[in-house]
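Colleague: Got a structure for you, questions after.
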Amino acid sequence: MKSHGCPLDCFGCCKLNVYVEDNKVVKIEGDKNHPYTKGIVCEKAKNHLKRLNARDRLYSPMKKQNGKWVNITFEEAINIISDKLRYYREKYSSNSVIHYGSSGTGTILKGIEDIFFNFYGGITKIENEICWSAGNKAQKYDFGDNKSNSIEDILNAKNIILWSKNPANSHIQLLPFLKKARQNGAKIIVIDPISTDSTNFCDIHIKINPASDAAMAMAMTKVIIEENLQDAEFIKKNVVGFREYKAYLDTLSMEYLSRECGVNIDTIKEISHIYAEEKYSTICMGYGLQRYKNGGNSVRSIDALAAITGSVGKKGGGVNYSNKVYPKVLNLDPYGSYKYALKDRNWNFHKLLKCSKDIKAIFVSKANPLNQWPDLNNFIKAFENIEFKVCIDMFMTDTAKHCDLIIPCTNTLESEDLLYSSMSNPYIIYNEKCVEPKHKLMDEYYFFMELAKKMGMKEYPYVSKREYLTQVIKPLEKKGITLEKIKNEYVTIQENSIAWSDLKFKTPSKKIEIYSKEAEKDGLSPIPVYVNDEKSDKLRLLTTHPKKSLMSQSFKDVDTMAAANISKNTAEKQDIHNGDIVKLKSSRGEIRVKINITDKVSDNLVHMNVGWWEKSSNPNFLTENQIADMGKQAAYYDTFVEIKK
């Protein structure tokens, strides 16, 4: 049996036991002894075995020649890349090369290309801020860092709000705790514009209007203040900006906020009392409410709600969004590659539309941007303007097919590595290599090492994986943590199960900052504000993650037309019937979809899954190229469409 963790960008980071016979994986099971995942494993993790043995998996590098793909050797691929990189650096600059890597895998050595490109001289990097960064930035303004209470602390909560969070799909390790907490008397409240699988076991579902999460949070905060349910002593000692925020809330009437969020005032008062009266209740946020242009302010307003009730730093309390335990602790650049990256610069992905002609080469790894980026028609044009395009992937993805060179890579089960999550699971996991890949250079670690040799990078770390990872975790040695310990035991450095229990926040004031001077310095409102000017007579498009696929990976083998979900009232207004094939049209493009009429979607919405490939109709050919109010992330959910028969 081999020990392994699922590297997908997920709350759970499932710990796996992998069974191998004759260099073949025969079974994957959840590790029942793991303190966090407890043997629970989702279909996405089990799917690694299917992907490992997929018939259409790539094993040989390929280059595009006269519009057709031709197999080449790894040596030929390295020669081509080496020649191109030398040429672009000498004629233009090393930062005429751009790299985009995202969350296709979360292991450390699968990102070794960042180290390589530093030694190359520094390149243009597309910031990986597309999905959740508005919420992370919001909590940095408010608390100074991103921390969450432990998953077990749910059992201490008097009541639980799942705000835009659907753990039945995306955080299944949380489900047993939610059900037990409910058995113990806690009420579960779901705030979500869509009826999800998680609303099946909740006590109250608030079917909020899209983009109005801040209005709901502010309305609750007004009720709590007006009915004197706030924790005045906690505010006095630990909160900056309460007066300024209250003054702002006084300018917003309950009638206005109720109308905006689509929740009647009596219900808002009921939820406010449930949350504030019994000490303490917790809020668990998902990754949907920040995907609007006002998404960062929505998270800040929810943080403020928790702050005024004194729920932060308390058992059963907390406002849980992400949990970044390791990024600032591990030495993720153990050989000092940053010192060589003199031409290093960072771009938001939106800038590629305007400046693609300044870029001569692009490398894509751990990502499928021409599936996941918004406004795909324009991004594909910008991508194709780039002279030399390289994709590192296991399959011919929607991105790979637009490239000039494809480098096949290992499946996670073929790679030794280290894994940690920044969402919830606080354990660091050693990934044993379970089976050998068909070629050593399919492993990115060895591919970029050979490329570095070819390019004469004398300072590059030509060391074994084991040595490299040992250097990465060196900061943990003072805690008695070694690579062997991580391999053979269950290891976490999160010592406290309650985030901010010492009430020592990492903000400039060392307090919770409802009024943030850091936000003000960044040109933003220092306090949370509600702005929602993205309204239309058309239908708002929402795209969420299905249970079986995180991004686009599991849609590879789906050949059916994409489904679009609408309500019965919307269907009647449009004279559409269940199963109709229709055209969805936005200002950015159009796709054909099959209509599914359901009572789970509110009126005036179109709901689709994230991840459909172009062959099936990808909703990102419709999504607008907009940025959220903070964190530089995409505001996918402020896209409006028409249905054309």
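Colleague: Return the long-range amide H neighbours of Val491 (sequence gap of 5 or more, or a different chain), with a cut-off of under 5 Å between placed amide H atoms.
Modeller: Ile428
Colleague: Shifting gears a bit: Just grab the label-to-label distance for Ile627 and Ile204, each label 7 Å out from Cα along the Cβ direction, in nm (one decimal).
Modeller: A separation of 3.8 nm, rounded to one decimal place.
Colleague: For the ranges 550-563, 371-384, what's the packing order if you count other beta-carbon atoms within 10 Å of each residue, average per peptide, and put the highest first? Walk me through the numbers before you get to the answer.
Modeller: Values: 550-563: 17.9, 371-384: 19.9.
Descending packing order for the listed peptides: 371-384, 550-563.
Colleague: Right, here's the next one. For Kirkwood radius over Cα pairs in Å, the choices are [x] 29.2; [y] 25.7; [z] 28.6; which was calculated from the structure?
Modeller: Calculated Kirkwood radius over Cα pairs in Å: the matching label is [y].
Colleague: With each label point set 7 Å from Cα along the Cα-Cβ vector, what nm distance links Lys32 and Lys585?
Modeller: Taking the simple label geometry, Lys32 and Lys585 are separated by 5.8 nm.
Colleague: What distance in nm separates the two pseudo spin-label positions at Asp333 and Asn23, each 7 Å out from Cα along the beta-carbon direction?
Modeller: Those two pseudo-labels are separated by 3.8 nm.
Colleague: Can you work out the PRE-style zone for Arg86? Point 7 Å along Cα to Cβ, and I want the residues of the stretch 106-148 with backbone N under 14 Å.
Modeller: Nothing falls inside the zone, counting backbone N under 14 Å.
Colleague: Going highest first, how would you order 138-149, 226-237 by mean Cβ packing within 10 Å?
Modeller: 138-149, 226-237
Colleague: Would you mind computing Rg(Cα) / (2.2 N^0.38 Å) for the stretch 120-219, counting N as its residues? Walk me through the numbers on the way to the answer.
Modeller: Details: Rg = 16.8 Å, N = 100, 2.2 N^0.38 = 12.7 Å.
The stretch 120-219 yields a ratio of 1.32.
Colleague: Helix-derived [θ] at 222 nm for the chain: sum -39500 (n - 2.57) over DSSP H runs of at least 4, divide by residue count, nearest 500? Spell out each step's value before the answer.
Modeller: On the way: 20 runs with 178 residues, N = 645.
Only helices count here, giving -8000 deg cm²/dmol.
Colleague: Equivalent-ellipsoid semi-axes (√(5λ), Cα gyration tensor) for the stretch 133-321, whole Å, largest first?
Modeller: Each semi-axis is the square root of five times an eigenvalue, giving 23, 19, 17 Å.
Colleague: Taking Lys510 as the anchor, which lysines have their alpha carbon closer than 18 Å to its alpha carbon, excluding any fewer than eight residues away along the same chain?
Modeller: Cα-Cα hits under 18 Å: Lys137, Lys140, Lys147, Lys236, Lys237, Lys314, Lys521.
Colleague: By per-residue mean of other Cβ atoms within 10 Å, what is the highest-first order of 313-324, 244-255?
Modeller: In descending order of packing, they fall as 313-324, 244-255.
Colleague: Moving on to the next point. Toward the positive end of the charge dipole of the chain, about the Cα centre and with charges on Cβ (Lys, Arg +1; Asp, Glu -1), which of Val190, His48, Ala519 goes farthest?
Modeller: So the residue furthest toward the plus end is His48.
Colleague: Starting from the Cα-Cα distance between Ile265 and Thr560, subtract it from 0.36 nm times their residue separation and give me the gain in nm to one decimal.
Modeller: 101.8 nm
Colleague: Return the percentage of antiparallel bridges among DSSP beta bridges fully within the chain, rounded to the nearest 5 %. Please list the in-between numbers first.
Modeller: Working: 35 of 79 bridges.
Antiparallel bridges: around 45 percent, rounded to the nearest 5.
Colleague: Along the Cα-to-C-beta direction of Ser525, a point sits 7 Å from the Cα; which residues of the stretch 612-636 have their amide N less than 15 Å from that point?
Modeller: Of the residues in the stretch 612-636, 629-630 have backbone N under 15 Å from the label point off Ser525.
Colleague: Asp603 to Lys180: extension gain in nm, 0.36 nm per residue of separation minus the Cα-Cα distance?
Modeller: This chain segment gains 148.9 nm when fully extended.
Colleague: What FRET efficiency comes out for the pair Glu384/Asp344, r = Cβ-Cβ distance, R0 = 25 Å, nearest 0.05?
Modeller: Taking R0 as 25 Å, the efficiency between Glu384 and Asp344 is 0.45.
Colleague: Another question, if that's okay. At 0.36 nm per residue, minus the direct Cα-Cα distance, what do Leu483 and Lys237 gain on full extension? Give it in nm, one decimal, please.
Modeller: Roughly 84.4 nm would be gained on extension.
Colleague: Now for a separate question. Tell me, for the chain, which Cys residues have no other cysteine's C-beta sitting closer than 4.7 Å.
Modeller: Cys with no partner Cβ under 4.7 Å: Cys10, Cys13, Cys42, Cys131, Cys202, Cys261, Cys284, Cys355, Cys409, Cys434.
Colleague: List the pairs from Lys293/Lys511; Lys328/Lys351; Lys110/Lys357; Lys187/Lys474; Lys64/Lys351 whose alpha-carbon separation is above 32 Å, in the order I gave them.
Modeller: Lys187/Lys474
Colleague: So, one more: How are the alpha carbon pair distances in the stretch 40-196 distributed across 5 Å bins from zero to the largest one, expressed in percent?
Modeller: Reading the bins upward from 0: 2, 6, 9, 11, 14, 14, 11, 8, 9, 7, 5, 3, 1, 0.
Computed from the coordinates by the stated procedures, all read-outs in this text should not be read as laboratory data. These numbers were taken from a predicted model, which means no experiment stands behind them. All Cβ positions, glycine included, derive from the backbone under ideal geometry; neighbour counts span all protein chains shown.
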